[in-house]
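The values are calculated or read from the model by the stated rules, or taken from the named source; none is laboratory data. None of the values given here were measured: they were computed from a predicted structure. Glycine gets a Cβ as well: all are built from the backbone with ideal geometry, and neighbour counts include every protein chain shown. These accessible areas exclude ligands, DNA and RNA; they are computed on the full protein's heavy atoms, side chains included. Shrake-Rupley method; radii C 1.70, N 1.55, O 1.52, S 1.80 Å.
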Amino acid sequence: MGQLRITKPKPYFVYGNISYRELKETSGDTYSIKVGAEMLLNMIGQPILYSAKLSRADGSVTITIKDKDRKFLLELLEMQSKSEQLDDQSQRIKNQLMYKELKETAAQNNEKLQYLVITAEQKQILEDNCIKFAYFDKGDKINIAFLPEKAELIKKLIYPSKDKQIDETPQKKNARIYDNLKKNAALSGEKLRYKAKLTKAQLDTLINSDILFAYFTNKEDKSLYNIAYENKDEDKIREVLTELNNYKAL
């Protein structure tokens, strides 16, 4: 006589109008935040695709949507004032899920994840090239985890030959970034944002930030610049430029 198997209940309840797997497989990045369970009431009947997991442990709910619906979600939850904190939280959740996915894939292949300490600029290069990795802060650098099959490609991307480093002028780098921005926009279905007539001081301040953008000389006034960037960086750009204006006013 076979033994009776007792299945351990999952640590969460599932809600939403689409499964997490289906949502993830649609084009574009996902955006996840963890909030109080009562926030689910704001999602009922709204024209937005979402998947939610309600924790049995603490009653919190993790809501996942497509990144293009981020602003609408914050409006529904009336949390626009906390957009920066929620964006950071979403990035942490996405990173945790990526680490879990990588570990599971490695285990299925009887492999171990590989790790490498890199700089923030090298991390951006990997993101621009759509490389799957998880990351952890390590002092002023970053420790990344990735599948062994990606090791060679990662090293080629972040340790280019000296000839390639010399070949990539600021103009070529800017063109490469613009191409990547357009590709990401095409995948997510979200148009790029543009800001016109920035001064050289404003441009230099943005260049020294961690915001990814491309820039062009303004056609009407050659001493000014236009920039192109992703919608998710709108608030960051506004904050950087506001800080610069406040500093000049002192």
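Within the range 208-245, restricting attention to residues that are acidic (D, E) and not in a helix (DSSP H, G or I), the residue that is nearest to D69 (Cα to Cα) is E230.
Of the residues screened, S27 is one that is modelled with pLDDT under 90 and either surrounded by fewer than 12 Cβ atoms within 10 Å (Cβ to Cβ) or among the hydroxyl-bearing types (S, T, Y) (or both).
Please tell me if T205 is free of Cβ contacts under 8 Å to residues at least 12 places away in the same chain, hydroxyl-bearing (S, T, Y) and in a helix (DSSP H, G or I).
No; evaluated as a whole, the condition is false for this residue.
Applying the set (1) open to solvent by less than 60 Å² (accessible area, probe 1.4 Å); (2) touching a strand residue (DSSP E or B) at 6+ places or on another chain (Cβ under 8 Å); (3) under 26 Å from N218 (Cβ atoms) to A201 leaves exactly one unmet item: (2). Pairs are defined by a Cβ separation below 6 Å, a sequence spacing of at least 6 or placement on different chains, a first member in the range 74-97 that is closer than 20 Å to R238 by Cβ and part of a helix (DSSP H, G or I), and a second member that is open to solvent by less than 70 Å² (accessible area, probe 1.4 Å) and aromatic (F, W, Y); the pairs so defined are S90/Y31. Being closer than 28 Å to K66 by Cβ, of a type in the set (D, E, K, R), modelled with pLDDT under 85 and in a helix (DSSP H, G or I) is a property that K248 lacks.
Here the condition is being in contact (Cβ under 8 Å) with a residue 24 or more places away in the chain and under 17 Å from the mean Cα position of the chain (by Cα); of S32, S19, it holds for S32 alone.
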